[in-house]
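As structure tokens, the structure follows; a few thoughts come after it.
The values are calculated or read from the model by the stated rules, or taken from the named source; none is laboratory data. Computed from a predicted structure; not experimentally measured. With ideal geometry, Cβ positions are generated from the backbone for all residues, glycine too; neighbour counts draw on all protein chains shown.
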Amino acid sequence: MTSIAKPKIVHSGLARNVLGLTVRDYEGGMSTLCAGCGHDSITASIVQACFELGVPPHGVAKMSGIGCSSKTPAYFLSASHGFNSVHGRMPSIATGASAANRDLYLLGVSGDGDSLSIGLGQFMHALRRNLDMLYIIENNGVYGLTKGQFSASADLGAKNKRGEENRQPPIDPVQMALALGGTFVARSFSGDKEQLVPLIKAGISHRGFALLDVVSPCVTFNDHEGSTKSYEHAREFNLRAIHTDFVPPEEEIMAAYDEGDVLPVELHDGSRLLLRKLANDYDIGNRGEAIEYLRTRHRAGEIVTGLLYIDESQPDLHGANSTIETPLNQVPYEQLCPGPESLAALQKRYR
Amino acid sequence: MEPTDTAGTEYFHRVVDCQWACPANTDVPQYIRLIAQGRFADAYLLNRESNVFPGILGRVCDRPCEPACRRGRVEAEPVAICRLKRVAADNRGDIEDRLPRAPEVRNGKRVALVGAGCASLTVANDLAPLGYECVVFEALDRPGGLMRTNIPAFRLPTSVLDDEIGYITRLGVDVRYSSPVQSLKALLDDGFDAVFVGSGAPKGKDLRLPGRDASDRIHIGIDWLGSIAFGHTKSVGARVLIIGVGNTAMDCCRSSLRLGAKDVKVIARKPRRFFKASEWELEDAEEERVEIVVNYSPKAFVMENGKLVGMQFEELEYEFQGDDIVGQKVLRDVFLPCDDVVLAIGQENAFPWIERDLGIGFDRHEVPVIDTVTFQSTRPGVFFGGDAAFGPKNIIWAVKHGHEAAISIHKHCQGMATTERLPRGVNLTTAKMGIHEWSYSNGYEPAERRIMPHVELTKRFKKLNIEVELGFSVEQIATEVERCLNCDIQTAFTPKLCIECDACIDICPVDCLTIAPNGDATEIDERLKTPRQNPTQPLYVSEPLPQTGRVMLKDENICVHCGLCAERCPTGAWDMQKSTVKIPYAAEESRAGEAQWQNSRKAG
């Protein structure tokens, strides 16, 4: 028989979350990506994180642009809203969606091409506006859909499948986010779900723009010797700087810890993060030093992963603009659009 | 944990739960696949290889395969394996020319078979094609043993019996009817090279209570069923009590209804979960409005004016500790009126015709001592099988005994050691046909088990031999075959190819795969993605994986064999492979013996 879709089998061993849903209820359509694509693991991690958090699927809007990564929202949360935008323009669409309905949780999935090449400007502005969303970059260093050319995140000296070297320096979204005032900056690896799932949960619980850059090997065009984004390379050079435990609001913190080692961070929804240093020379909570650390380790060929910076004190887009608590799409029309008289009165004030 | 050895026979054989549970190791997934392809004759012949009587067993098998079926662990009901076997039998057409034939020249060895039941017939089926002269001695005037006498025709039509027994008797088997064996000594003196005793367990247990001998309306279940089958008993009173609640009791109560009874009660000493009858036989009886009375212990048969008028019972109350009964007390005495009583409280084998000085050992329960592998008694050359060997079991067990005894008889007659037997084997071939192409139907059919249609209640009691089950419709067959999970298409893993991309873990619809650091059994259990629910099912542990040294773990319990792990694997580390379990029969032993002889000739 030919290829089949993943059957929805609700077996007795399947756990249920606070909403009474199983992990199957957070899945989506059958992936059409190459077998073994890192993106599918990220999809599975999103499914797992949303299931564990008990996210109501109908309260989520999946936002994406163009590319292999941007196809993935079709493969998770099939009961959620979604928008597949023009190439690189997802941050604008997301901003509009958030402006219209601030109760909607935005889950953006983009790639290194979509965010760091054609959509770089859009990405930077969404980030500095601190739009309340989780923004995942599925970063594989190549343009997979167009047969494996180097992307803007390819490392200097990395080799493509034909053995040619990349001679342009990479754009690192993590360093950029730190420089632009990002309030949640993290990196992970698609092959490390133990790290990735808590980071996705933390990113969803963070109020503001949560950037999660995930090294996600392209199994077809960038998983060879000489690649710096292959499974083997990512495993060998992964430097886990920070370990993140995610503790949901209702749960007590069970593990005992010394205050010097662990930094507890309380998020707006009452959940807590326990950040534990794995690399001794890394200073959590210092933007400048974080950038310096990333540069140094990158020069040494290492990929620094973990929740590298978090700041819960900054207002998000709605906070900064003092918008009303009610989502605009629920505000009665007369109030939202009070008519030409009101417009005239407003304009009069500026004359 | 140590890496699992999948190279041996056992691991992959155990994964095929139905075939592993079947005493005769019927290749269930393959015959269901053949039915799905409309190849009914092929499905029938595949069945016949292992279980000899597919048409009979497709109606009355005790189906140990179904409780074992993986489908029953994934959802509520197993695949209707047994009734699909009937589908193959009902639609097989003429297969006579595809059956083995006896050679024109015999091999000069004579084998006596006592009783023409399923065990003896299986022995004849295996040995006659090898040139053995098989002589069957049968006490009755028709073959079939308990299949004919104890299973009512409304469950098993006589035409089905005649067809399948005919396939064997037409192999040139000499069946001597109305010839009960009176003396084993005489038989042995007749110069047979081997004797097989397949005389069943023909003695129904009696219930010695006051009034037992005062009426002729108290019947022993299996004898009574036999007398119905042969047309000697044609009627029964309006009110019938059946004592006992095994499968024979179910046949007795349902037969009563067809002989004219209006009020039939089955009396059980214990609560329902202690019943010996199979759940489906209970359901069929209850559908016919038979009342099952629990916690009644028989006390006496009550007579009035020399006529049976009813039975006296004690109503019991049990004290439980968990599932076990730890005490009982009598609540009250109860009288139930009736016209007939049928005792269906068990049966046993009996060998009054075996002299005790022939070197055949009997234990203190007067049961012969039989080797559980060779089925040979303590006297070389005398073999037992079926109910005669280890007491009452089911047809499918007797068939298994028959196959094994046939191997032993062949070895014995050829002067070889009966204990040296060919091993089982498992063949594996990939099911991959191309990208996204598999040689089996891997789609998951979510439909529930199809319900067997029955003849209407108003019609089925008109005659004794109206078969109640109508068989599946074409639509039902098409759905039911797809419910099979193809457990014989194995997930075969090659650790050195794995790049740990997690594709298989993410796609598995039942979360049975995990990649985790190795550890001891408890640690491994904790690391599994889904906790183990059924530790009796195999757990696969791979060799260390190349990139991280972690191991691939697979809990076989509810793997649905959809092949998605292999489909999504970028390196071909997972593959779906069709396994075929090779079970040697007497024919294989004979071929192996010949090959050995040829080889030694070449070497010489």
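Each residue in the range B:421-441 was checked for being away from chain A (no Cβ under 14 Å) and either β-branched (V, I, T) or more than 29 Å from B:L564 (Cβ to Cβ) (or both), and 7 of them qualify. Summed over the range A:184-197, residues that are surrounded by fewer than 24 Cβ atoms within 10 Å (Cβ to Cβ) and either polar (S, T, N, Q) or free of Cβ contacts under 8 Å to residues at least 60 places away in the same chain (or both) total 2.
Exactly one residue out of B:P180, B:P202 is surrounded by 21 or more Cβ atoms within 10 Å (Cβ to Cβ) and either at pLDDT below 95 or more than 24 Å from B:F274 (Cβ to Cβ) (or both): that is B:P202. For the range B:15-31, a residue qualifies if it is of a type outside the set (F, W, Y), assigned to a helix (DSSP H, G or I), under 17 Å from the mean Cα position of the chain (by Cα) and under 19 Å from B:Q577 (Cβ atoms), and the qualifying residues are B:D17, B:C18, B:Q19, B:V28, B:P29.
On the stretch given as the range A:312-345, residues that are over 30 Å from the mean Cα position of the chain (by Cα) and either in a helix (DSSP H, G or I) or among the charged types (D, E, K, R) (or both) total 10. Looking across the range B:349-389, the residues that are in contact with a helix residue (DSSP H, G or I) (Cβ under 9 Å, 6 or more places away or on another chain) and at pLDDT below 90 come down to B:N349, B:V367. Checking each residue in the range A:198-216 for being surrounded by 24 or more Cβ atoms within 10 Å (Cβ to Cβ) and of a type in the set (D, E, K, R) picks out A:K201, A:D213. Residues in the range A:44-63 include none that are within 12 Å of another protein chain (Cβ to nearest Cβ), in a loop (DSSP other than H, G, I, E, B), surrounded by fewer than 17 Cβ atoms within 10 Å (Cβ to Cβ) and not polar (S, T, N, Q).
All of (1) closer than 30 Å to A:T228 by Cβ; (2) in contact (Cβ under 8 Å) with a residue 40 or more places away in the chain hold for A:H318 with one exception: (1).
Only one of the numbered conditions (1) in contact with a strand residue (DSSP E or B) (Cβ under 6 Å, 6 or more places away or on another chain); (2) buried (at least 17 other Cβ atoms within 10 Å of the Cβ); (3) among the small types (G, A, S) is violated by A:S230, and that is (1).
The residue that is modelled with the lowest pLDDT, among those in the range B:531-565 that are more than 20 Å from B:P3 (Cβ to Cβ) and surrounded by 20 or more Cβ atoms within 10 Å (Cβ to Cβ), is B:I558. Of all residues in the range B:529-543, those satisfying the criterion of being more than 14 Å from chain A (Cβ to nearest Cβ) and either part of a loop (DSSP other than H, G, I, E, B) or without any contact (Cβ under 8 Å) to a residue 24 or more places away in the chain (or both) are B:T536, B:P538, B:S542, B:E543. For B:T418, the requirement of being in a strand (DSSP E or B), over 22 Å from B:G58 (Cα atoms), away from chain A (no Cβ under 14 Å) and touching a residue at least 24 places away in the same chain (Cβ under 8 Å) is not met. Tell me, which residue of the range A:10-22 that is surrounded by fewer than 18 Cβ atoms within 10 Å (Cβ to Cβ) and facing another protein chain (nearest Cβ under 9 Å) is farthest from B:H561 (Cα to Cα)? Restricting to residues being surrounded by fewer than 18 Cβ atoms within 10 Å (Cβ to Cβ) and facing another protein chain (nearest Cβ under 9 Å), the top hit is A:A15. Within the range A:163-180, the set of residues being farther than 11 Å from A:I137 by Cβ, in a loop (DSSP other than H, G, I, E, B) and out of contact with any Lys or Arg (no Cβ under 6 Å at 6 or more places or on another chain) comprises A:G163, A:E164, A:N166, A:R167, A:Q168, A:P169, A:P170. Considering only residues in the range B:71-80 that are within 11 Å of chain A (Cβ to nearest Cβ) and assigned to a loop (DSSP other than H, G, I, E, B), the one that is surrounded by the most Cβ atoms within 10 Å (Cβ to Cβ) turns out to be B:E75.
Right, B:S235: surrounded by fewer than 18 Cβ atoms within 10 Å (Cβ to Cβ), farther than 23 Å from B:V60 by Cβ and touching a residue at least 40 places away in the same chain (Cβ under 8 Å) or not? In short, no. Determine if the range B:451-471 includes at least one residue that is within 14 Å of chain A (Cβ to nearest Cβ), surrounded by 14 or more Cβ atoms within 10 Å (Cβ to Cβ) and not acidic (D, E). No, that holds for no residue. Residues in the range B:493-528 that are more than 7 Å from chain A (Cβ to nearest Cβ) and among the β-branched types (V, I, T): 6 in all.
Among strands (runs of 3 or more DSSP E) entirely within the range B:270-329, having at least 2 residues that are under 18 Å from B:G246 (Cβ atoms) singles out B:291-293, B:296-304.
Screening the candidates A:L127, A:L131, A:L145 for the property of being touching a residue at least 60 places away in the same chain (Cβ under 8 Å), assigned to a loop (DSSP other than H, G, I, E, B), of a type in the set (A, V, I, L, M) and under 22 Å from A:T95 (Cα atoms) yields one hit, A:L131. For the range A:250-260, the condition holds for no residue, the condition being that it is away from every other protein chain (no Cβ under 14 Å), farther than 21 Å from A:H39 by Cβ, touching a residue at least 60 places away in the same chain (Cβ under 8 Å) and touching a Lys or Arg at 6+ places or on another chain (Cβ under 8 Å).
Tell me the residue from A:D25, A:D40 that is within 14 Å of another protein chain (Cβ to nearest Cβ), buried (at least 24 other Cβ atoms within 10 Å of the Cβ) and assigned to a helix (DSSP H, G or I), please. Going through A:D25, A:D40 in turn, the sole match is A:D40.
Assess whether B:R208 counts as being among the charged types (D, E, K, R) and either under 26 Å from the mean Cα position of the chain (by Cα) or closer than 27 Å to B:I370 by Cβ (or both). Criteria not met by B:R208. Every condition in (1) in a helix (DSSP H, G or I); (2) more than 14 Å from every other protein chain (Cβ to nearest Cβ) holds for A:F83 except the one numbered (1). The C-beta contact set for the range B:301-315 (first residue surrounded by fewer than 16 Cβ atoms within 10 Å (Cβ to Cβ), second residue modelled with pLDDT of 95 or more and not in a strand (DSSP E or B), distance under 7 angstrom, 6+ apart or interchain) comprises B:E315/B:N295. When the range A:189-248 is filtered for residues that are hydroxyl-bearing (S, T, Y) and assigned to a loop (DSSP other than H, G, I, E, B), the ones remaining, listed by number, are A:S190, A:S216, A:T220, A:S227, A:T228, A:S230. Checking each residue in the range B:558-580 for being more than 8 Å from chain A (Cβ to nearest Cβ), under 19 Å from B:R73 (Cβ atoms) and touching a helix residue (DSSP H, G or I) at 6+ places or on another chain (Cβ under 7 Å) picks out only B:C565.
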